[in-house]
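> Just passing along the structure, written as structure tokens.
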């Protein structure tokens, strides 16, 4: 009877050890998984290549989308479609961002769309106001901001209704730039953004850039102490810094720490990371993933931002 109890105890103990090992291994797999996909560019010298075989693309869909964007951006209801000439419609393989783009030039405006989905990537209006007209109109920054909000309201629809105002800055004598981003628990995702360059005196959008890179919403599983230990290793090895400050941010993973970073395709998602900013001259930043503890990129705030 005594030996039977010992046997049962041994079996239970073995099961506990095995289960603990599985949990530990799973945790280690999670923490050591590789975030950076390390996809290399096939042709570095020609990573934005014009496509000549365009039969597979739905040109009617793209023209329809351009007309919709034209009506939104210029805040008008029109029954007349834009006169889009075939020779002014070009397709490109953007290998860095892993997408096919179509660039449509209407003469007065340029539209760049995702050639598959029809989503707008950027818009440019070819127009300027006279210097005398610009000088004759005086607006306060608060009035300019209000005009920026009005222009954003004309294009935001359902897709961008949750985006929040993040910045307003003057570009030149006439143009100002206003930015809106999607936020998660108070953290700004720079990958989901609407940037509008506009003329306040003409109440007109001159340039529009839309970023639509998803945030993985990864959990915080690595402690600040663990992340700091990793960051310090990089700081000592690669910088002349003696100290760092830390904040949690949503970042774009990148190949900042790779020897040949230009060889790799851009990472098209965003992650939550501990961002350590070094006190060296370049204010070098080290990104440590909040979930895996992997260094997933970096930046230089002085002397060239990624």
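The values are calculated or read from the model by the stated rules, or taken from the named source; none is laboratory data. As the structure is a computational prediction, the values presented were derived from the model and not from experiment. A quick note on method: Cβ atoms are made from the backbone with ideal geometry, for glycine too, and the neighbour counts reach across all protein chains shown.
> Taking the condition of being modelled with pLDDT under 95 and on the phi > 0 side of the Ramachandran plot, how many residues in region 257-306 meet it?
Residues in region 257-306 being modelled with pLDDT under 95 and on the phi > 0 side of the Ramachandran plot: 2 in total.
> Quick check on region 166-178. Is at least one of its residues more than 15 Å from residue 72 (Cβ to Cβ), more than 21 Å from the chain's Cα centre (by Cα) and not in a loop (DSSP other than H, G, I, E, B)?
Within region 166-178, the subset more than 15 Å from residue 72 (Cβ to Cβ) is 166-178.
Narrowing the set further to residues that are more than 21 Å from the chain's Cα centre (by Cα) leaves 170-176.
From the residues that got through so far, the ones that are not in a loop (DSSP other than H, G, I, E, B) too are 170, 176.
Yes: one or more hits.
> Only one of 231, 241, 227 is over 15 Å from residue 189 (Cβ atoms), touching a strand residue (DSSP E or B) at 6+ places or on another chain (Cβ under 9 Å), at pLDDT 95 or above and assigned to a loop (DSSP other than H, G, I, E, B); which? Walk me through how you get there before you give the answer.
Values: 231 fails: assigned to a loop (DSSP other than H, G, I, E, B); 227 fails: assigned to a loop (DSSP other than H, G, I, E, B).
Residue meeting the stated conditions: 241.
> Pull out all pairs, ordered by first then second residue, where Cβ-Cβ is under 8 Å, the residues are six or more apart or on different chains, the first lies in region 135-153 and is over 17 Å from residue 164 (Cα atoms) and in the same structural domain as residue 195 (by TED's automatic domain parsing), and the second is modelled with pLDDT of 95 or more and part of a helix (DSSP H, G or I).
139/147
> Looking at 217, 254, 189, which is the one that is in a loop (DSSP other than H, G, I, E, B), under 30 Å from residue 48 (Cβ atoms) and modelled with pLDDT of 95 or more?
Details: 217 fails: under 30 Å from residue 48 (Cβ atoms); 189 fails: in a loop (DSSP other than H, G, I, E, B).
When all the criteria are applied, what remains is 254.
> What pairs can you find where one residue is in region 49-65 and on the phi < 0 side of the Ramachandran plot and in the same structural domain as residue 95 (by TED's automatic domain parsing), the other is modelled with pLDDT under 90 and assigned to a loop (DSSP other than H, G, I, E, B), and their Cβ atoms are less than 7 Å apart, with a gap of 6+ or different chains?
63/84
> The conditions are (1) surrounded by fewer than 17 Cβ atoms within 10 Å (Cβ to Cβ); (2) outside the structural domain of residue 289 (by TED's automatic domain parsing); (3) not in a strand (DSSP E or B), and residue 207 fails exactly one of them. Which is it?
Failing condition for residue 207: (3).
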